[in-house]
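Chemist: Please see the structure below; I have some questions.
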């Protein structure tokens, strides 16, 4: 948790375009070709974009905006990955966490809006808020569908709501200055968004889910959401860098937030999977087992703990920037073909014509 020593809000860091540094020449890369500049908040960013990002830099930067998607859940079975209840419910934990979590993201970002002095960053932040609000609503609909199938999740989600609304609410439970508390929560969101970008890129490439016969509507929800996570992967980090002020405290707070976020996410994921399997009306005496989790991960149906854990050191590099995570090209390509996203684009076009 952040220090309780009194601190005054520090000036916002200018939102500046990416410029390769001399130190970048020491990073192993596949090519020394120059890459397209892209905005980041920190002059300290010192890494070349990864090889797939150099390819993605050919994609014109498009505004981050919410898409008015809708999903039809009536035909989606409780075990939407056939004969794989563990894999199904490990992924279903996202539905337990995201409605409250993404509403909290929006609330914290609203608190931070007065700190933003750059118009481009402000526009991205507002687009991010719109996307996250939409994600929250769509995952809430999945919880309604689970309840209709006899799996009531309120016994778990009320604890998630308490964590975000009270433990991490606008008023800290400890005597922490308001400015420091806001900066810590911005750092925490940036850390969580690192994992959502990793997960988003994973699900976009998870062909084993298709081969296993996973429900198409659920896959579209997860991949639409995952693609938008990759699309806006840099916004939370850039906002934190912009609002956190200069000096070593900015990096230390970022590391502190990751040290809080990762164990908390692991705990919530395991307890959420246990809750879902214990209350699943179609399972008789079944429960979450780490062995079955590892088996599902080996099949490619869920990300492994090792994959997620190994992504953390990347984030802790001082030179890290989220543009190094995932494939923007793959995300943009999926958003162009997603049934829900295409329907939303069509509805928007018809609305503009009428």
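Chemist: Kindly establish whether residue 157 is more than 24 Å from residue 125 (Cα to Cα), assigned to a helix (DSSP H, G or I) and out of contact with any strand residue (DSSP E or B) (no Cβ under 7 Å at 6 or more places or on another chain).
Modeler: Criteria met by residue 157.
Chemist: Could you please give the count of residues in segment 53-94 that are buried (at least 17 other Cβ atoms within 10 Å of the Cβ), at pLDDT below 95 and under 15 Å from residue 323 (Cα atoms)?
Modeler: Within segment 53-94, residues that are buried (at least 17 other Cβ atoms within 10 Å of the Cβ), at pLDDT below 95 and under 15 Å from residue 323 (Cα atoms) number 4.
Chemist: Further question on the same structure: Can you name every residue in segment 227-259 that is in contact with a helix residue (DSSP H, G or I) (Cβ under 8 Å, 6 or more places away or on another chain) and surrounded by fewer than 17 Cβ atoms within 10 Å (Cβ to Cβ)?
Modeler: Of everything in segment 227-259, just one residue is in contact with a helix residue (DSSP H, G or I) (Cβ under 8 Å, 6 or more places away or on another chain) and surrounded by fewer than 17 Cβ atoms within 10 Å (Cβ to Cβ), namely 255.
Chemist: In the list 275, 267, which residue meets the criterion of being without any contact (Cβ under 8 Å) to a residue 40 or more places away in the chain, in a helix (DSSP H, G or I) and closer than 29 Å to residue 144 by Cβ?
Modeler: Exactly one residue qualifies, and that residue is 267.
Chemist: Of (1) in a helix (DSSP H, G or I); (2) in contact (Cβ under 8 Å) with a residue 12 or more places away in the chain, residue 294 satisfies all except one. Which?
Modeler: Result: residue 294 passes all but (2).
Chemist: Sticking with this structure for a sec: Which is surrounded by fewer than 19 Cβ atoms within 10 Å (Cβ to Cβ), at pLDDT 95 or above and not in a helix (DSSP H, G or I), of 213, 130?
Modeler: After ruling out the rest, the residue left standing is 213.
Chemist: Do we have residue 188 as surrounded by fewer than 24 Cβ atoms within 10 Å (Cβ to Cβ) and at pLDDT 95 or above here?
Modeler: no
Chemist: Taking residue 277 as the residue in question, decide whether it is more than 30 Å from residue 236 (Cα to Cα) and either buried (at least 16 other Cβ atoms within 10 Å of the Cβ) or at pLDDT 95 or above (or both).
Modeler: Considered against the rule, which asks whether it is more than 30 Å from residue 236 (Cα to Cα) and either buried (at least 16 other Cβ atoms within 10 Å of the Cβ) or at pLDDT 95 or above (or both), residue 277 comes out as yes.
Chemist: Test residue 97 against the criterion of being touching a residue at least 40 places away in the same chain (Cβ under 8 Å), over 18 Å from the mean Cα position of the chain (by Cα) and buried (at least 17 other Cβ atoms within 10 Å of the Cβ), and give yes or no.
Modeler: So residue 97 does not fit the description; no.
The rows are residues; the columns are (1) modelled with pLDDT under 95; (2) assigned to a helix (DSSP H, G or I); (3) out of contact with any strand residue (DSSP E or B) (no Cβ under 8 Å at 6 or more places or on another chain); (4) over 16 Å from residue 332 (Cα atoms).
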site	(1), (2), (3), (4)
174	yes, no, yes, yes
183	no, yes, yes, yes
193	no, yes, yes, yes
202	no, yes, yes, no
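Chemist: Give all pairs with beta carbons closer than 6 Å in which a residue from segment 161-180 that is free of Cβ contacts under 8 Å to residues at least 12 places away in the same chain meets a residue that is surrounded by 16 or more Cβ atoms within 10 Å (Cβ to Cβ); count only pairs at least 6 apart in sequence or on separate chains.
Modeler: Between residues of segment 161-180 that are free of Cβ contacts under 8 Å to residues at least 12 places away in the same chain and residues that are surrounded by 16 or more Cβ atoms within 10 Å (Cβ to Cβ), the close pairs are 172/181.
Chemist: Something else: Of 305, 224, which residue is more than 17 Å from residue 84 (Cβ to Cβ) and buried (at least 16 other Cβ atoms within 10 Å of the Cβ)?
Modeler: It is 224.
Chemist: Also, quick follow-up: Out of all the residues in segment 103-115, is one or more at pLDDT 95 or above, assigned to a loop (DSSP other than H, G, I, E, B) and more than 26 Å from residue 268 (Cα to Cα)?
Modeler: No; the residues of segment 103-115 include none that is at pLDDT 95 or above, assigned to a loop (DSSP other than H, G, I, E, B) and more than 26 Å from residue 268 (Cα to Cα).
The values are calculated or read from the model by the stated rules, or taken from the named source; none is laboratory data. Given the structure is predicted, the values throughout are model-derived calculations rather than measurements. Cβ: placed from backbone, ideal geometry, glycine included. Neighbour counts: every protein chain shown.
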